[in-house]
Each structure stands twice: as structure tokens, then as C-alpha cells.
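For reference, the structure is listed below as C-alpha cells.
The values are calculated or read from the model by the stated rules, or taken from the named source; none is laboratory data. Note that the coordinates shown come from a computational prediction; the quantities given were computed from them, not determined experimentally. Glycine gets a Cβ as well: all are built from the backbone with ideal geometry, and neighbour counts include every protein chain shown. Just so you know, the surface numbers come from the protein's heavy atoms only, side chains and all, with ligands and any DNA or RNA stripped out. Shrake-Rupley method; radii C 1.70, N 1.55, O 1.52, S 1.80 Å.
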Amino acid sequence: MRKLSLFILVFFCCSISFAQLLQEKQNFTRQDSLRGSITPEREWWNLTYYHLDVEVKPDDKFIVGKNTVQYKVLKPHQKLQIDLQPPMQIEKVVQNGKELTYKSEGNAHFISLDATQNIGDINSLTVYYKGYPREAKRAPWDGGFSWKKDENGKHFVATSCQGLGASVWWPNKDHMYDEPDSMLISVTNPKGLTNVSNGRLRELVENSNNTVTSHWFVSNPINNYGVNINIGDYTNFSEIYQGEKGPLDMDYWVLTYNLEKAKEHFKDAPKMIKAFEHWFGPYPFYEDSFKLVEVPYLGMEHQSSVTYGNQYKKGYLGNDLSQTGWGLKFDFIIIHEAGHEWFANNITYSDAADMWIHEGFTAYSENLFLDYYYGKEASADYVIGTRSNIQNDRPLIGQYKVNNEGSSDMYYKGANMLHAIRQIFEDDELWRKILRGLNEKYYHKTVSTLEIESYINSYSWFDLSSIFDQYLRTTMIPRFEYKFENGIFSYRWANCVDDFDMPILITIDKETVWMFPEKSWKSNDSNAEQIEVDRNFLVTSKEL
């Protein structure tokens with residue numbers, strides 16, 4: 001048990017991303033604002049398309065390429081912001097065959113446009129760049145390129161960049177509020193190795209210089225950090241899943257020597273699709289297929305190209321994060337990272353402060369996977385078991401407009417908040433309708449916490465606002481305080497926001513009833529001597 005507890009502590013320490021580590025000091029800089037806000041040089045244009053064309057040279061740990069950025073003009077402006085982080089370097093920027101001037105300020109590059117930008121026009125420019133990209137030391141949390149070798153000594157290369165930002169390896173509009181409608185990813189790498197990126201393989205070209213170029217087309221909107229390169233000695237197997245929207249191509253790319261192992265272990269993938277289509281609605285990217293791609297790090301939710309490095313073990317590297325046994329019924333990376341296809345890739349936060357939308361709902365999806373296959377008690381055991389990982393160090397919501405994520409509690413505190421709200425609805429079909437409705441209303445959209453709160457509240461018989469405030473915006477765990485005096489049972493909420501009034505299930509006199517505490521005392525006649533607070537609520541209790 002001590003080993004597992006230490007492991008879980010290490011996991012959640014590692015879950016603090018590169019961006020969070022920078023922001024512990026809470027002293028934000030102009031660079032934070034340039035990265036995290038919708039600057040004047042961003043707001044006037046809307047992304048429509050990227051063509052990222054890059055050559056990867058594993059022997060040198062070097063990349064060179066270009067990105068064509070197509071955009072629609074929303075209002076007149078002559079400066080455009082593109083982001084690219086050192087040590088990557090912009091070589092030149094070209095529009096309409098003419099090289100443009102630009103001014104660099106840290107990671108942000110402000111391009112002066114010569115052509116008049118007329119409202120409604122669809123324009124494009126191409127950014128040429130090169131460099132030795134940041135090498136990920138602890139992927140996927142700190143991000144960058146993973147330059148590894150497989151067991152046969154062959155190159156095994158992958159990218160990961162959430163938090164740190166996709167501009168760590170390619171030039172783009174590096175803010176989550178805007179996504180291209182589609183994207184072409186062209187990757188050149190040494191012959192004998194295969195690159196797997198997002199979407200579908202459109203063409204594979206053998207070049208005369210002992211390299212190959214793969215062209216992958218993404219036909220749906222995609223967030224920047226979801227774009228990836230995975231290069232290795234891959235082999236492929238596939239299946240077709242008959243889903244809610246018809247046949248879904250499911251492709252698996254693994255190292256050649258892991259083929260047989262993967263064929264057995266990846267059976268969790270179609271099980272995942274079945275459970276999540278039930279709870280969340282159709283898989284959001286039928287047009288682009290679903291892929292699991294083996295990588296030299298733990299894994300990441302790259303859109304339609306979910307990466308996998310869980311060593312073909314159940315649980316999280318063979319461990320159960322809930323310490324209940326239920327976490328060993330599934331491969332954590334397959335279930336969790338693929339769950340992000342609904343909450344992260346389909347529904348995407350518009351500001352990093354709201355990252356809990358990705359991680360809270362997806363941590364909760366682990367619970368729903370168990371619910372689908374093993375029932376409500378098993379799923380409740382699991383999500384309640386994960387509470388031991390909650391640190392209550394910072395609020396789940398970060399600070400807006402400075403690329404600031406909230407606490408890593410966004411995973412399991414977020415999941416337990418959602419689990420409690422499900423109890424309040426007392427209607428699992430309505431709850432399922434809400435989860436599916438979120439994915440329908442915000443299909444391929446970026447959202448804010450307030451939009452999510454408003455949508456869920458619109459179906460509720462009870463105003464959930466103070467519950468969201470309590471769990472998302474404070475570190476306090478509400479405490480149910482009570483006392484028995486002369487046949488009177490008195491109760492209230494403490495350690496909570498001023499208007500906190502969450503209803504809760506209490507067993508008293510062998511009867512389970514709903515109570516409606518507030519911050520001030522309430523009283524009922526009762527000869528009871530003890531109570532039991534329903535375990536499905538993330539609260540503490542204390543008799544006074």
C-alpha cells in the first residue's frame with residue numbers, strides 16, 4: 001500500500017504541466033499575456049486551414065519546414081501574430097509571392113502585411129522555419145520532441161506539447177480559442193520508418209534522397225496541441241466498428257515486435273467507443289477515423305491519433321489510481337486519453353484557465369466506462385477511491401488570459417463534483433441526455449466554464465451555481481455540521497462559499513432523505529442519535 005500511495009503522489013506531481021510549474025509564482029509576464037490572451041493581432045482574423053509541411057531528421061534531432069496559414073479577415077488590420085518558441089527560428093514569411101517583414105517579441109512574431117486585408121477575404125501566408133526543437137525531458141507533461149530508440153535500435157520519435165504549446169515545434173496561432181476547419185500534415189522522414197499523424201493518410205511518396213513523405217489530411221477542426229508526429233518502425237492492424245454514425249475505421253499503429261501483444265490488449269478500444277457513444281454521443285471524428293499509436297512516452301489525446309505508451313498493462317502502468325481494484329479492469333491510457341476525443345478535442349476550452357473541462361469530464365469518463373460494463377456501485381467505488389489523490393492546493397480554474405491552468409485536482413476533484421451533481425439529478429437518463437447534449441450543442445466548438453455551467457443548470461430543478469463556485473473556484477471541501485439537542489436535529493454547511501446550499505442525502509432514523517442545508521442553521525424534530533452522509537458527495541461531516 002505504501003508503494004502505491006507513493007506512486008500516486010508521483011503521478012499527480014507529474015500531472016502538473018510545464019505551464020503550471022511556470023505559474024506557481026503567479027507573477028505573470030507580458031509573454032504570458034501574449035500567449036494567453038486574444039491580442040489585437042489575433043482577433044481580426046479567423047483560422048480556416050493549415051498545411052504543415054516538415055522534414056524530421058532524427059539523426060540530428062533537427063526539423064525544417066513551413067506552415068501555410070489560411071485565414072478569413074473579420075475586420076481590417078495589417079499586423080498578424082504567429083507564435084514560435086526558441087530555439088526554433090523563422091527563416092522568412094511569404095504572402096502573394098512577396099517576403100514580408102516581421103518583429104519578434106519572445107515567442108510572438110508580429111508580421112506586417114503589405115496587401116490590404118478586406119473584410120470577408122480568404123488570404124494565406126507561409127511561414128518557413130527550422131531548428132533543433134525543445135527535447136521533452138518528461139513527456140507528455142513538459143512537452144516537445146521525444147527522440148528515442150526502440151528495442152532494435154531504430155528511431156522512435158514523437159511530439160507532445162499541451163500546456164507548453166504547439167509553437168514549441170511549429171509556427172501557428174497558438175491560442176485555443178481558434179482552430180482551423182481542416183488541416184494537411186506532410187511529414188518527411190528517413191526511409192524505413194513510418195510517420196503517423198492525425199486524420200487519414202492521403203498519400204505516401206518515396207523521395208529520391210532516401211526519405212519518404214506522408215500526407216495526412218484532417219477534415220475536422222483541430223486544436224493546435226492535438227496535432228502530432230509519430231515516427232517509428234510501425235506496423236498496422238485495423239478493424240471496423242459499427243457505431244452510432246455507421247462504420248468507424250479503427251486503426252492501430254504499433255512497433256513491429258509488439259503486434260501480437262497489441263492485438264490482444266487493444267480490445268479495450270472498441271469497448272471504449274461503445275461505452276462512450278452511449279454516454280456522450282457519437283464519436284466526433286468519423287471522417288478522420290480513430291487511431292491508437294504507440295509512442296515512447298505515456299500517452300496523449302492527440303485528435304484521431306491518440307498516443308499510447310502504457311506498456312500494455314491494465315490500470316496506470318499496472319497501478320490502480322482508485323486503490324479499489326476497479327482501476328485494473330481497463331487500460332487507463334486507452335480509456336482516459338480516448339475519452340478526450342469528446343472532452344478536449346470535440347469540446348475544447350477557449351482559455352487554459354478552463355482546462356478542468358478537459359480533465360474533469362475525462363477523469364469522470366473512467367467512472368462511466370466502469371458504470372457501463374460493471375454497474376453503478378463499481379463506478380462509484382472507483383470515483384470515490386480517486387479522492388485520495390485530491391490535494392486541495394489551488395482552485396480548479398486558473399487565471400484567465402495568461403495561459404494559466406488550474407490545479408491538477410481538475411482530474412479527480414472535477415470528476416467527483418460531476419458525480420455528486422449526477423446524484424442531485426436523480427435521473428440517470430436525464431444525466432446521460434445532458435452529457436450527450438453537451439457534445440451536440442458544442443460539437444467541434446471551443447467553450448468556457450460559464451457555458452458548461454449554464455447548459456447543465458438549464459436542465460436542473462435546482463440552481464447548481466454555488467456548487468460550481470465551491471468546487472471549481474475554491475480549495476474548500478464543504479463540511480456538513482450537525483448536532484442533536486433535546487429531540488432537535490440541527491445542521492448546516494461550513495467551510496463553504498456564502499451562498500452554498502447543495503442538497504445532500506442523509507440516512508437518519510434508518511431512512512435516507514434529502515436535506516437542504518445552508519450556511520445558517522436549520523432544524524428538524526428527531527430522536528436520532530447518529531446519521532450517515534451519502535458517500536457519493538465530496539464533503540466531510542462533523543458532529544458538534
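Surface exposure of the range 48-184, expressed per residue as accessible area with a 1.4 Å probe, stands at 41 Å². What do you get for Rg/Rh of the range 432-535 when both radii come from the Cα atoms and Rh is the Kirkwood radius? Rounded to two decimals, Rg/Rh equals 1.08. Could you give log10 I(q)/I(0) at q = 0.11, 0.16, 0.27 Å⁻¹ for the range 356-423, computed by the Debye formula over C-alpha point scatterers of equal weight, without solvent? Taking Cα atoms of the range 356-423 as identical point scatterers yields -0.26, -0.52, -1.14.
Distance between the pseudo-spin-label points of residue 138 and residue 31 (7 Å out from Cα toward the beta carbon): 1.9 nm. Subtracting the Cα-Cα distance of residue 486 and residue 457 from their residue separation scaled by 0.36 nm leaves 6.5 nm. Evaluating kT/(6 pi eta Rh) at 4 °C and 1.567 mPa s, with the Kirkwood radius of the range 273-346 over Cα pairs in the Stokes-Einstein relation, gives 102 µm² s⁻¹. The shape of the chain can be summarised by an equivalent ellipsoid whose semi-axes, obtained from the alpha carbon gyration tensor, come to 44, 27, 20 Å from longest to shortest. Between residue 105 and residue 313, the distance separating the two model label sites (each 7 Å from Cα on the Cα→Cβ line) works out to 4.7 nm. Summarising the amide proton neighbourhood of residue 211: residues at separation of 5 or more, or on other chains, whose placed amide H is nearer than 5 Å comprise 191.
Mind checking which aspartates and glutamates have their Cα closer than 15 Å to the Cα of residue 154? Skip sequence neighbours fewer than 8 apart in that chain. Candidates past the 8-residue exclusion: 59, 60, 233, 294. Highest-first packing order for the peptide set 205-211, 334-340 is 334-340, 205-211, based on the mean count of other beta carbon atoms within 10 Å. Placing dummy labels 7 Å off each Cα toward the beta-carbon, the span from residue 207 to residue 77 is 3.4 nm.
Amide hydrogen proximity for residue 178: with H placed 1.01 Å from N in the peptide plane, no residue at 5 or more positions away or on another chain lies under 5 Å. Think of the range 102-230 as having a plus end and a minus end, set by charges on the Cβ of Lys, Arg, Asp and Glu; of 153, 116, 136, 153 sits farthest toward the positive end of this dipole. With N counted as the residues of the range 141-206, its alpha-carbon radius of gyration over 2.2 N^0.38 Å works out to 1.31.
Pairs from the table (245/413; 130/267; 274/314; 149/245) lying more than 30 angstrom apart at Cα are 245/413; 130/267; 149/245. For a straight C-alpha distance cut-off of 19 angstrom, the aspartates and glutamates reachable from residue 103 (same-chain residues fewer than eight places away being disregarded) are 32, 41, 43, 83, 91, 114, 174.
Taking the empirical scaling 2.2 N^0.38 Å for compact globular proteins as reference, the range 236-281 has a Cα radius of gyration ratio of 1.25. When +1 charges are put on Lys and Arg Cβ atoms and -1 charges on Asp and Glu Cβ atoms, the dipole computed for the range 445-544 relative to its Cα centre reaches about 280 debye.
Need one word for the range 250-376: rounded, prolate or oblate. Basis is the Cα gyration tensor (sqrt eigenvalues a ≥ b ≥ c); a/c below 1.5 gives rounded, then a/b vs b/c decides. Note, shape of the range 250-376 comes out rounded.
Placing a label point 7 Å from the Cα of residue 49 along the Cα-to-Cβ line, the residues of the range 178-208 whose backbone N sits under 15 Å from it are 180-186.
Quantify, in whole percent, the carbon and sulfur part of the accessible surface of the chain (1.4 Å probe; protein heavy atoms only). Here it works out to 48 percent. For the range 19-93, the fraction of alpha-carbon pairs lying more than 17 Å apart is 62 percent, rounded to a whole number.
A Cβ-based charge dipole, computed about the Cα centre of the range 430-476 with Lys and Arg at +1 and Asp and Glu at -1, lands at about 240 debye. Across the range 81-150, the volume of the C-alpha convex hull divided among the residues equals 146 Å³ per residue. Grouping the Cα pair distances of the range 314-410 into 10 Å bins from zero gives a pair-distance distribution of 17, 43, 32, 8, 0 percent in increasing distance order. In plain terms, the bigger the Kirkwood radius, the slower the diffusion; for the range 340-380, with that radius from Cα pairs, at 20 °C and 1.002 mPa s, Stokes-Einstein puts D at 199 µm²/s.
Computed from phi, the 3J(HN,Hα) profile of the range 254-259 under the Karplus parametrisation 6.51, -1.76, 1.60 (θ = phi - 60°) reads 9, 4, 3, 7, 9, 4 Hz, with x in place of Gly and Pro.
What the phi angles of the range 32-46 give under the Karplus curve with 6.51, -1.76 and 1.60, with θ = phi - 60°, is a coupling list of 4, 5, 5, 7, x, 10, 8, 5, x, 7, 10, 5, 7, 9, 10 Hz, glycine and proline written as x. Beyond 24 Å, what percent of the Cα pairs of the range 331-464 remain? Summing the P(r) of the range 331-464 above 24 Å gives 25 percent of all pairs. Karplus-based coupling profile of the range 467-484, in residue order and whole Hz: 5, 4, 4, 4, 8, 8, 10, 10, 9, 7, 9, x, 10, 8, 9, 8, 7, 10, with θ = phi - 60° in 6.51 cos²θ - 1.76 cosθ + 1.60 and x standing for Gly or Pro. Where only DSSP H runs of four or more residues are counted, the chain gives -7000 deg cm²/dmol as its mean residue ellipticity at 222 nm, each run worth -39500 (n - 2.57). Selection among 214, 255, 199 by position relative to the dipole of the range 158-263 gives 255 as farthest towards the positive end (Cβ unit charges, Cα centre).
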